[in-house]
1. Can you compute the helix-only [θ] at 222 nm over the chain? Use -39500 (n - 2.57) per DSSP H run of at least 4 residues, normalise by all residues, nearest 500 deg cm²/dmol.
2. Viscosity 1.567 mPa s, temperature 4 °C: give me the Stokes-Einstein translational D for the range 31-103 in µm²/s, with Rh taken as the Kirkwood radius over C-alpha pairs.
3. Please report, as a whole percent, how much of the solvent-accessible surface of the chain comes from carbon and sulfur atoms (probe radius 1.4 Å).
4. Once you sort the root eigenvalues of the Cα gyration tensor of the range 15-159 as a ≥ b ≥ c, which label holds: rounded (a/c under 1.5), prolate (a/b larger than b/c) or oblate (the other case)?
5. Rank by packing, highest mean first: peptides 125-134, 59-68, with packing defined as the count of other Cβ atoms within 10 Å averaged across residues.
6. If you place +1 on the Cβ of every Lys and Arg and -1 on the Cβ of every Asp and Glu, how big does the dipole about the Cα centre of the chain come out, in debye to the nearest 20?
7. How large is ³J(HN,Hα), in whole Hz, for each residue of the range 49-55 in order, when computed from phi with the Karplus curve 6.51 cos²θ - 1.76 cosθ + 1.60 and θ = phi - 60°, using x for Gly and Pro?
8. With a 1.4 Å probe and every protein chain left in place, work out the accessible area per residue of the chain in Å², rounded to a whole number.
Amino acid sequence: MTLRALPEPPALHRVVALLQPPQSTFLLACAAEVFADHGPAIPARYTFEVCTEQPGALRTQSGFDMLVTQGLDAVERADTVLIPGWQQAPGVEIPPEVIAAVRRAHRRGARIVGLCSGVFVLAAAGLLDGRRAATHWARAAELDARFLRVQVDPAVLYVDHGDVATSAGSAAAVDLCLHLVSADQGSAYALRIARQMVMPPHREGCQLQYAELPTSGPVADSLAPLLEWLAGRLDQPVSVAEMAARSQVSARTLTRRFTEQLGISPGRWLLDRRIAATRALLEETDLPVESIARRVGLSSAVNLRRRFHEALRTTPAAYRRTFRPDKAG
């Protein structure tokens, strides 16, 4: 395997976080960890700034103030406007100046991202009318009641429509931010950031597995040991029956657990991991498609091309040209 340095983009993508007191320091840190400077180990692809409606000392939920020097004019220069949470007292509306700034940014083509309760700003601006949206499971009912035209999905970790994106709470903000980096810069670059953060570039499942459990009733067994075992055997054919035997349950029970915990079937999960491995190898190596197919357990170049096109609506050669323009694939 021959690794090559990632090419530098022609311009940096400007991310501006729009803050509001009391600001969640964790959500802000999640965004900064993904989009801010990573040092010499990872070439810069983004700039990261913060702004607020009224510049100056900004109160946080952590007991200290932040000095924010930029106002809403920073939103006008952003390629991505990111709202890392939005906390206001019940009955207090989002300032019209904030809504107007977000709408103007969206109209000129900026991507608008709401992390956790930041979704309420997007909903108030009308950017989610008739569209699915995610938020923290504990606030899903409130979002659904306040904005009847928003299709609230209380289960997913995030929803990305391209021009707007929303995430569930806390760590799901990192999931969405890494997903956006992968969409912007490729999965290999997102993987570099994830490795530096010592976390997986993609988490499985939905946020309902983290919601408060009922006081009675069984708790489903974790699939984590099986998923770890499968991840180390992508180059080998593995059937659902073999997965079930590994977990010491029936195939029907295993399929039910996958559906309950991850929302997909065992076969779908395994295929998704094979496609993700294929993308990384196309981006980072010069391996021919036939060799990649064997490495990711898709048996042949013909099968890989078919599966890859079904998943991404493009060919391996076209995908490699996109992320490695000096290679024909």
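The values are calculated or read from the model by the stated rules, or taken from the named source; none is laboratory data. Fair warning: this is a prediction, and the values are worked out from it, not measured in the lab. A quick note on method: Cβ atoms are made from the backbone with ideal geometry, for glycine too, and the neighbour counts reach across all protein chains shown. We work out accessible area using only protein heavy atoms, side chains counted, and drop any ligands, DNA or RNA first. Shrake-Rupley method; radii C 1.70, N 1.55, O 1.52, S 1.80 Å.
1. Calculated mean residue ellipticity at 222 nm is -12000 deg cm²/dmol.
2. Rounded to a whole number, D works out at 91 µm²/s.
3. Heavy-atom surface of the chain belonging to carbon and sulfur, 1.4 Å probe: 54 percent.
4. Rounded is the answer for the range 15-159, as its axis ratio a/c remains below 1.5.
5. 125-134, 59-68
6. The dipole magnitude comes to about 1180 debye.
7. Whole-Hz 3J(HN,Hα) from phi for the range 49-55: 9, 10, 8, 8, 4, 10, x.
8. Per residue, the chain has 48 Å² of solvent-accessible surface.
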